[in-house]
Each structure stands twice: as structure tokens, then as C-alpha cells.
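Engineer: Structure in C-alpha cells, see below.
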Amino acid sequence: MGILSLHSPVGDLTLFEEGGAIVALDWGWGALQEPTDLLKQAAKQIQAYFDGDLTSFDLPLAPEGTDGQKKIWEAIASIPYGDTKSYSWLAKATGSSARAVGGVCGSNPIPILIPCHRIIASDGRLVGYSGGNGVETKQILLRLEGALLDL
């Protein structure tokens, strides 16, 4: 397994690689660093994202989860940079419920790269974000992307 940490505007982030794919992104600095070429590329892409120079990640992702979770994460990953969708939209798109979608977003092992921050309440409110400083981090990411929200 490879591990690489980096600084970001939303705090320190640690990337994990296994089997040639990114399997996790956690907040905080990893005590052990085992960089791989893929993790170095991922770190460059994340920095370019935060610099406003990258709007779409091109990295192999392999989040561990059920088939249902993977279906929802795949749908989330298809939401374009700067766009948002509601929990109910995502539920309809994946044949799930808004409550289940919220749980899957909360268990997303690769936030930012699988952009669950782009999922908002039907009325436009920013609710539920398990990464960093919660909704404050979600707001920072959406502002960075220029999402059309009244933030």
C-alpha cells in the first residue's frame, strides 16, 4: 500500500493507494509516508484542483463498498465541476432513497476525488459533510468550484 500526505486549503490530506488505484483520502497527516508514482500524480492533480487549474480528475479509483454504494459514488463522480445536485436527484438517479444517499455520501472513502461535496439539499442548503470541518469544508470546495450557490 502506498501512502502520501499533502497540504491543502482545507487541511492536510492523506492519500492511500492499493493495487494501482486510489482507495482512500483522509483528513490529517499520515505518520508513515510511502509515496508511489500514482500518489505523486494524484497529489499534483489535487494541487492543480485547489489552484483552480484542474476541473476533472483523471485517476484510477477503487473505493471499497457494496455494489449499491459504488453505484451512488459513480453517479456522484459524474457531476461536473461547479455543478451541484440534490440528495433526492441522486436518489432518483440511482434508484435509492435520499436518506440512503446521505449515508453513502457520509461513508465516501475518497472525498474530493468522488465529489460528494456537490450534493446539497433540495432547497439549496448545504447539509451533511463528513470531511474536514464539515459543512464549512463543503462550502470552501463549492466556492472554489464557483458553484452557483448563495453562499
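Engineer: Of all residues in the stretch 62-80, which are among the aliphatic types (A, V, I, L, M) and part of a helix (DSSP H, G or I)? Walk me through it before giving the result.
Structural biologist: The first filter runs over the stretch 62-80 and keeps only residues among the aliphatic types (A, V, I, L, M), leaving 62, 72, 75-77, 79.
Of everything in the stretch 62-80, those that are among the aliphatic types (A, V, I, L, M) and part of a helix (DSSP H, G or I) turn out to be ILE72, ALA75, ILE76, ALA77.
Engineer: Given (1) out of contact with any Phe, Trp or Tyr (no Cβ under 9 Å at 6 or more places or on another chain); (2) modelled with pLDDT of 95 or more; (3) assigned to a helix (DSSP H, G or I), where does LEU59 come up short, assuming only one miss?
Structural biologist: It fails just one condition, (3).
Engineer: For the subset of the stretch 86-106 comprising residues that are over 24 Å from ALA24 (Cβ atoms) and among the hydrophobic types (A, V, I, L, M, F, W, C), which member is modelled with the lowest pLDDT?
Structural biologist: Only one residue tops the list, namely ALA98.
Listed here are the residues, each with its yes/no results for (1) touching a helix residue (DSSP H, G or I) at 6+ places or on another chain (Cβ under 7 Å); (2) of a type outside the set (A, V, I, L, M, F, W, C); (3) open to solvent by 70 Å² or more (accessible area, probe 1.4 Å).
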| position | (1), (2), (3) |
| --- | --- |
| ALA24 | no, no, no |
| GLN41 | no, yes, yes |
| ALA48 | no, no, no |
| THR55 | no, yes, yes |
| LEU59 | yes, no, no |
| ASP67 | no, yes, yes |
| ILE72 | yes, no, no |
| ALA77 | no, no, no |
| ASP83 | yes, yes, no |
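Engineer: Consider PRO109 against the criteria (1) part of a helix (DSSP H, G or I); (2) touching a strand residue (DSSP E or B) at 6+ places or on another chain (Cβ under 9 Å); (3) modelled with pLDDT of 95 or more: it satisfies all of them except one. Which criterion is unmet?
Structural biologist: All conditions are met except number (1).
Engineer: Any chance you could count how many residues in the stretch 43-78 are in contact (Cβ under 8 Å) with a residue 40 or more places away in the chain and hydrophobic (A, V, I, L, M, F, W, C)?
Structural biologist: Total meeting the criteria: 8.
The values are calculated or read from the model by the stated rules, or taken from the named source; none is laboratory data. Predicted model, so just to flag it, every value in this text is computed and none were measured. Ideal geometry is used to build each Cβ from the backbone, glycine not excepted, and the neighbour counts take in all protein chains shown. Heads up: the accessible areas ignore ligands, DNA and RNA and are worked out on the full protein's heavy atoms, side chains in. Shrake-Rupley method; radii C 1.70, N 1.55, O 1.52, S 1.80 Å.
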